[in-house]
Amino acid sequence: MSMKQISVFLNNEKGRLEKITGLLAEEQIDIKSLCIAETEKFGVLRMLVNNAEKASEILRANDVVCDITSVLAVEVDDVPGGLNKVLTVFNGLNIEYMYAFVEKADNRAVMIFKFSELDKAEKVAQDNGIILLSEEKLLNKV
């Protein structure tokens, strides 16, 4: 039940982020969640959008370096220790990065995880009762 995420590689310069969001806005691409990791010279913008393939096509047509990667959206109890409980289930798997989704599902938070072994992480989650959200549900495609 993985979902597609767009990763955009940006030079760390004024106006670059606005250019990306402007290109997507012009084509009615809805950004549902994003995070930015940066260094002194460049950043990586990761986004969940309502149409990853179209977003990638638009960005590449405008000479923006981007990639589509698969991630898992995991429901986490929104209580002290909720995240630790999920991380304990994934113990032994390499989490490359994670970030929070801006909406909550009921009384639960939603975390986006990038695993080096996505299929294995998905099976571990399912075998241990961890709730994975579908792309359709999370991105309001239904």
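Given a cut-off of under 8 Å on Cα pairs at least six residues apart, what relative contact order in percent is computed for the chain?
Reported as a whole number, the value is 27 percent.
Please give the charge dipole size of the stretch 31-142, origin at the Cα centre, charges +1 on K and R Cβ atoms and -1 on D and E Cβ atoms. Round to the nearest 20 debye.
100 debye
Where the Cα atoms of the chain are projected onto their three principal axes, how long is each span, largest first, in whole Å?
43, 37, 27
Using the Kyte-Doolittle scale, which helices in the chain average at least -1.0 and also have C-alpha atoms spread 15 Å or more along the helix axis, with helices defined as whole DSSP H runs?
16-26
Would you calculate, for the chain, the mean residue ellipticity at 222 nm contributed by helices, counting each DSSP H stretch of 4 or more residues as -39,500 (n - 2.57) and dividing by all residues, to the nearest 500?
Result for the chain, helices only: -8500 deg cm²/dmol.
Can you grab the distance from the C-alpha centre of the stretch 81-142 to the C-alpha centre of the stretch 1-67, Å, no decimals?
The stretch 81-142 and the stretch 1-67 have Cα centres separated by 22 Å.
How big is the accessible area of MET1 in square angstrom, nearest 10, if you roll a 1.4 angstrom probe over the protein chains?
Here the accessible area works out near 90 Å².
At a 1.4 Å probe radius, carbon and sulfur cover how many percent of the accessible area of the chain?
47 percent
Which of the residue pairs LYS85/LYS137; LYS114/LYS137; LYS54/LYS120; LYS41/LYS120 have a Cα-Cα distance greater than 26 Å in the structure shown?
LYS54/LYS120; LYS41/LYS120
Probe of 1.4 angstrom, ligands and nucleic acids ignored: what's the accessible area per residue over the stretch 5-136, in square angstrom?
Accessible area per residue, the stretch 5-136: 55 Å².
Keeping all protein chains in place and using 1.4 angstrom, which order do SER2, SER56 fall into by accessible surface area, from largest down?
I get SER2, SER56, largest accessible area first.
The values are calculated or read from the model by the stated rules, or taken from the named source; none is laboratory data. These numbers were taken from a predicted model, which means no experiment stands behind them. Here Cβ is always computed from backbone atoms with ideal geometry, including for glycine, and neighbour counts include all displayed protein chains. Heads up: the accessible areas ignore ligands, DNA and RNA and are worked out on the full protein's heavy atoms, side chains in. Shrake-Rupley method; radii C 1.70, N 1.55, O 1.52, S 1.80 Å.
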